[in-house]
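Written out below as structure tokens is the structure these notes cover.
The values are calculated or read from the model by the stated rules, or taken from the named source; none is laboratory data. The shown structure was predicted, so the numbers you read here are calculated from the model rather than taken from an experiment. Reconstructed Cβ throughout: ideal geometry from the backbone, glycine too, with neighbour counts over all protein chains shown. To get the accessible areas, we keep the full protein, side chains included, count just its heavy atoms, and leave off ligands, DNA and RNA. Shrake-Rupley method; radii C 1.70, N 1.55, O 1.52, S 1.80 Å.
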Protein chains: 2
Amino acid sequence: MRTRPLKVALLGCGVVGSEVARIMTTHADDLAARIGAPVELAGVAVRRPSKVREGIDPALVTTDATALVKRGDIDVVVEVIGGIEPARTLITTAFENGASVVSANKALLAQDGAALHAAAEQADKDLYYEAAVAGAIPLIRPLRESLAGDKVNRVLGIVNGTTNFILDKMDSTGAGYQEALDEATALGYAEADPTADVEGFDAAAKAAILAGIAFHTRVRLDDVYREGMTEVTAADFASAKQMGCTIKLLAICERAPDGGSVTARVHPAMIPLTHPLASVRGAYNAVFVESDAAGQLMFYGPGAGGSPTASAVLGDLVAVCRNRLSGTTGPGESAYAALPVSPMGDVVTRYHISLDVADKPGVLAQVATVFAEHDVSIDTVRQTGKGGEASLVVVTHRASDASLRGTVGALRKLDTVRGVASIMRVEGE
Amino acid sequence: MRTRPLKVALLGCGVVGSEVARIMTTHADDLAARIGAPVELAGVAVRRPSKVREGIDPALVTTDATALVKRGDIDVVVEVIGGIEPARTLITTAFENGASVVSANKALLAQDGAALHAAAEQADKDLYYEAAVAGAIPLIRPLRESLAGDKVNRVLGIVNGTTNFILDKMDSTGAGYQEALDEATALGYAEADPTADVEGFDAAAKAAILAGIAFHTRVRLDDVYREGMTEVTAADFASAKQMGCTIKLLAICERAPDGGSVTARVHPAMIPLTHPLASVRGAYNAVFVESDAAGQLMFYGPGAGGSPTASAVLGDLVAVCRNRLSGTTGPGESAYAALPVSPMGDVVTRYHISLDVADKPGVLAQVATVFAEHDVSIDTVRQTGKGGEASLVVVTHRASDASLRGTVGALRKLDTVRGVASIMRVEGE
Ligand SMILES: NC(=O)c1ccc[n+]([C@@H]2O[C@H](COP(=O)([O-])OP(=O)(O)OC[C@H]3O[C@@H](n4cnc5c(N)ncnc54)[C@H](OP(=O)(O)O)[C@@H]3O)[C@@H](O)[C@H]2O)c1
Ligand SMILES: NC(=O)c1ccc[n+]([C@@H]2O[C@H](COP(=O)([O-])OP(=O)(O)OC[C@H]3O[C@@H](n4cnc5c(N)ncnc54)[C@H](OP(=O)(O)O)[C@@H]3O)[C@@H](O)[C@H]2O)c1
């Protein structure tokens, strides 16, 4: 074993960073044995230098992250600050100064992954980010390496713990969205401003990263269709139950059946209770991967939290350190397939549509005609009268999102349709 | 991209090998792009040269595997013959001749893993074997790499599809063992001689491999306690149901609570229906991993079959080829922890014991005394009279296997105990 230590600069010492530092200290011997050299925490960059940080030598703490990264003797920079800047500049500066990088920053990678990978390649250094998607769950390494000889066709996952907690609560208690969100906030599962989670931004960033790796194609955040889950109601859950389904916020990355394009999207969807993702409870994450040869795989575990996320960061740290010792780098960006990313209108799936209609003869015929005119074939219809008005639930066969939108637009124009109560996609069948 | 191809020698072209060859041909362009050089099938060793093999150039087929491996221009040897010899000698010959090796051979790796790893290290070449455990499920790479910065405490898995198919049938239809085995055989899930599966030998080999990697300690096949599932009865399933459990054949690798030793074992066990492993159906495999920082992870997928297993082999092939191109090797054996492997008697778990006893006053007191004398604390007792005889079901608190054995031995000596109908461990609580 080499005795000269590898030097690690930790940028950020919050929820994740403090756990990374803790494990680096408590498991130092194991890390050294597994890497083949000791690793040393060479500096810790934070915003508030005076904050007491248990187990961290105050002499290591600095507010000048740039100077730390530029020191010249840093082997690996661990970026757990989050957000776009200064994280982006710090990472590129790290490469320019000869360091490899481990990051947990999904927002940054989804937005600027290509540029960061290019900077890493230019510097001949590693950029690893297992922690950016689904916390502790090994997902990027299995997709990038274990399935490197296979053809992935679909990635379907619950990749945001906050929204899964809320939806699980709504499902199990009949609570409404606001009530479930309040509980999630009280228990620390939702942040004070939950927008990034409940509007699907966080999941969309992960979908972009997963689609890029799964399909060997660059997929940017803007390519990902995104719909949040704030409009999901208790009534939607009741409808889902009647269909033997529950509702999850899903990230779905798919290769078109002809193989010539891909799509990536995030939205709430009904999935059958028999689907393994249906039983993912609380803040847990799970990702289903379908490939040509392997078939259906599922990866399940805690999708966030300081210590689970630190586990993923440290796995990357060990790999990157080993690569440095052997003078090599791991697999970089693989975007050779360069498939076009199709818009949401091209996505083909099934729909569950609830309409409020006038309760009089001929209405069903009218509605059915609109579906037919837009080439959307109906699977089942359920009509429930409620005095003068009726509720009409239509479940379609597979159709394109564009056709569905056309159908709904035309339905809204019918005098007899009082309102479109909800439209929800049905997945995982 | 390099244009000179990497040369692959395929040893064995049966269920797995034929799929490896097929994917190498049909996905040649993708493999080349992901590796950075084309891969060429340079030779295929089989036993029966005249057998027609679709898609394989007959000029590549040979019965002289040794000569193929010694050719001198082979970059990677893929060993999918199975069994101990000639596979072992072929692999060491491959290393001596400068090739790296990918294998799916759990029997060989469980028995001789240390020697094979030593040969690989000596030759400075890779030995990869993701396909040896749980077929297509990425498990070895996540354990070895993703969790390299974490401390794994427990691996609990369904790693044999044949026995899971049989137990699932017994559970869902009430069938007996023989009936369920016959169906598994008819459907091709069980081999003509099912011994390796139903007696737990296959699962024990996988347990040895998993424990070795998880605990950074050499664990040999002989270190693994093994009990098959041929004695599991419909009555056991009925008892399990009453406890809210089902029965699975589990491979369990554990670190002792004090961290100073490890155990590895394979046996049928009751697990609660609420445990994620309880809902693993048919021939699927799933492995639960518990670690300090990551918490509970689960990996699920097809545990066998030509094409899923080939997916894992090809993932390894891509990794090994990349390593060769960059002149490096991946992580080798990690056995630095060298923890002692404790015998089964030291395992601490709960037990479900069914006794046939005389139905008269004082019997329960007698039985309870025997448990107390052996320091095994009782959780619940259920007595059902059946005219002169009674059935007594005892579920214990956690106790050592040695104490339990002592208890059962003493119970058998009691006049009032007519027989011990079954002893089953209770796991996953
Ligand atoms: N938390 C999770 O469960 C989780 C899961 C997966 C991925 N991630 C990702 O991990 C990253 C970190 O998340 P977190 O939850 O640990 O965030 P956090 O608790 O808010 O910690 C952020 C840290 O960065 C420091 N910091 C902020 N601005 C800085 C600057 N300009 N220069 C130097 N340091 C600065 C902060 O310093 P002070 O301590 O002085 O405020 C703090 O230590 C994010 O990319 C996040 O998306 C988090
Ligand atoms: N099948 C699965 O689902 C699965 C799953 C995981 C791991 N594995 C492992 O993968 C390996 C292969 O399994 P398999 O199911 O593919 O076995 P298989 O169908 O029995 O194929 C074995 C192949 O090896 C060839 N062979 C046998 N002895 C040979 C010798 N002395 N020299 C050269 N070739 C020889 C056979 O030739 P012929 O074709 O001429 O008979 C055949 O092509 C085993 O280690 C197994 O444990 C299998």
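Summary table
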item: Alpha-carbon centroid distance for the pair the range A:334-356 / the range A:208-255, whole angstrom; result: 10
item: Phi-based couplings in Hz for the range A:65-82 (Karplus 6.51, -1.76, 1.60; Gly and Pro marked x); result: 4, 4, 4, 4, 5, 8, 3, x, 10, 8, 7, 9, 9, 9, 9, 10, 8, x
item: Protein accessible surface hidden between A and B, which excludes ligands and nucleic acids, total in Å², probe 1.4 Å; result: 3700
item: The range B:320-429 - accessible surface per residue (Å², probe 1.4 Å); result: 46
item: Solvent-accessible heavy-atom area per residue, rounded to whole Å², over the range B:147-301 at 1.4 Å; result: 34
item: All aspartates and glutamates inside 15 Å of B:K413 as judged from Cα atoms, apart from same-chain residues fewer than 8 positions distant; result: B:D356, B:E373
item: Residues listed by number, the range B:313-338, amide nitrogen under 20 Å from B:T25 label point at 7 Å toward C-beta; result: B:313-315, B:317-318
item: Interface residues, the range B:131-151 - accessible area loss of 40 Å² or more versus chain alone, probe 1.4 Å; result: B:P138, B:R141, B:E145, B:S146, B:A148, B:G149
item: Radius ratio Rg over Rh of the protein assembly as shown, counting only Cα atoms, Kirkwood formula for Rh; result: 0.99
item: Coarse-grained scattering of the range B:1-126 at q = 0.18, 0.23 Å⁻¹, given as base-10 log I(q)/I(0) from a Debye sum over alpha-carbon atoms; result: -0.96, -1.42
item: √(5λ) per eigenvalue of the Cα gyration tensor, the range B:202-256, largest first, Å; result: 28, 13, 7
item: Largest-first principal axis extents of the Cα set of chain A (Å); result: 84, 46, 33
item: Portion, in percent, of the accessible area of the range B:187-241 that falls on carbon or sulfur, probe 1.4 Å; result: 50
item: Per-residue ³J(HN,Hα) for the range B:395-402, Karplus 6.51 cos²θ - 1.76 cosθ + 1.60, θ = phi - 60°, Hz, x for Gly and Pro; result: 10, 9, 7, 5, 8, 6, 4, 5
item: Chain A - share of DSSP beta bridges that are antiparallel (%, nearest 5); result: 70
item: Placed amide H near B:V39: partners under 5 Å, 5+ positions off or other chain; result: B:L6, B:A32
item: Karplus-derived HN-Hα couplings along the range B:163-170 (A = 6.51, B = -1.76, C = 1.60, θ = phi - 60°), whole Hz, x at Gly and Pro; result: 5, 5, 4, 5, 5, 4, 4, 4
item: P(r), alpha carbons of the range B:242-301 - 10 Å bins starting at zero, rounded %; result: 18, 49, 30, 4
item: Where GluC sites (Glu not before Pro) fall in DSSP loop in the range A:40-100, at most 13 other Cβ within 10 Å; result: A:E54
item: Spatial separation of Cα centroids for the range A:72-146 and the range B:120-151, in angstrom; result: 23
item: 18 Å Cα-Cα reach of A:K386 towards lysines, excluding residues that sit fewer than 8 places from it in its own chain; result: A:K360
item: Within straight-line cross-link reach of B:K248, lysines at Cα separation under 27 Å, skipping those fewer than 8 residues along the same chain; result: B:K106, B:K151, B:K169, B:K206
item: Sulfur and carbon atoms: percent of accessible area, the range A:56-107 [1.4 Å]; result: 52
item: The range A:180-300, Rg to Rh (Cα coordinates; Rh as Kirkwood inverse mean 1/r); result: 0.98
item: The range A:344-426, Rg to Rh (Cα coordinates; Rh as Kirkwood inverse mean 1/r); result: 0.95
item: Carbon + sulfur, % of accessible area of the range A:344-426 - ligands and nucleic acids excluded, 1.4 Å; result: 49
